[in-house]
1. Among the residues of the stretch 100-148, write down those that are without any contact (Cβ under 8 Å) to a residue 40 or more places away in the chain and aromatic (Phe, Trp, Tyr).
2. Would you please name the residue that is surrounded by the most Cβ atoms within 10 Å (Cβ to Cβ), looking only at residues in the stretch 158-200 that are out of contact with any strand residue (DSSP E or B) (no Cβ under 6 Å at 6 or more places or on another chain) and of a type in the set (Asp, Glu)?
3. Does residue 149 satisfy being touching a Phe, Trp or Tyr at 6+ places or on another chain (Cβ under 8 Å), among the aliphatic types (A, V, I, L, M), surrounded by 23 or more Cβ atoms within 10 Å (Cβ to Cβ) and under 17 Å from residue 79 (Cα atoms)?
4. Do we find a residue being of a type in the set (Ser, Thr, Tyr), open to solvent by 20 Å² or more (accessible area, probe 1.4 Å), assigned to a helix (DSSP H, G or I) and within 21 Å of residue 159 (Cβ to Cβ) anywhere in the stretch 121-135?
5. What are the residues in the stretch 58-117 that are of a type outside the set (A, V, I, L, M), within 24 Å of residue 143 (Cβ to Cβ) and part of a loop (DSSP other than H, G, I, E, B), if any?
6. Would you tally the residues in the stretch 137-160 being in a strand (DSSP E or B), farther than 20 Å from residue 204 by Cβ and in contact with an Asp or Glu (Cβ under 7 Å, 6 or more places away or on another chain)?
7. Kindly indicate the residue of the stretch 61-112 that is closer than 24 Å to residue 157 by Cα and among the small types (Gly, Ala, Ser) and also surrounded by the most Cβ atoms within 10 Å (Cβ to Cβ) among those meeting that condition.
Amino acid sequence: MLSPRRIAVTTVSIALLATTAACGGGDDEPEATPTSSSAPTTQSPSPTQPSPTETAWQDQYAPAQLDAYEAALSRYEEYETRSEPIWAAGEATDRAEALLKQYFPSPLWQGRLRMLSSYEQVDVQVEGLADVYWSRAKSISDTGLSVVINQCVDYTTVKVTQRREAAQPVEWQQKPNLRTITLEKPEGSDWLIYGVVDASSGKPRPCAP
């Protein structure tokens, strides 16, 4: 349990990932089970390969799969935009809970809310969004109901403060790093975020902008 005293500098700086990390970053946060039973049949080249803007990865997928990718990416971008003011305020309000329920399955939305509540207790705010250099599909299921997205992101655009004082960033945050996002579209639901893996899991994954 977080102490009401000032958090260690490295802990506060990691807090900037609160706007994205859905699993893999905390032991107390269970991972939801994806609903799509169809495993992806194709996978893009390694995210560290050059020329990420090339369309070669798109050639691996059918038009319907690419439509699913665009819809999933748009949904995640929508979540980031709508949730940024909530993390910037750093308060676990009813409005924050309602928004998290729209974008995460249970029990992941509860984990996000607990994290927000812990930030409120120690007066931590996370302002701004990571700058995304590029996005592309890592995998898309045959049904188009499961999409995994790789992004090369720059976290230096995110400001983390505690009691109105800037937190010192950790080293990996000063270079572009890979972020992997998993989204599923359960029956009767919009796209939901089932996981986000980045350097907060303990291992930096540098990428070329």
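1. 109
2. Going through the qualifying residues, I end up with 190.
3. No; evaluated as a whole, the condition is false for this residue.
4. Looking through the stretch 121-135, none of the residues is of a type in the set (Ser, Thr, Tyr), open to solvent by 20 Å² or more (accessible area, probe 1.4 Å), assigned to a helix (DSSP H, G or I) and within 21 Å of residue 159 (Cβ to Cβ).
5. 61, 104, 105, 106
6. Matching residues across the stretch 137-160 total 2.
7. That would be 72.
The values are calculated or read from the model by the stated rules, or taken from the named source; none is laboratory data. Keep in mind that this is a model prediction, so the values were computed, not measured. Cβ: placed from backbone, ideal geometry, glycine included. Neighbour counts: every protein chain shown. We work out accessible area using only protein heavy atoms, side chains counted, and drop any ligands, DNA or RNA first. Shrake-Rupley method; radii C 1.70, N 1.55, O 1.52, S 1.80 Å.
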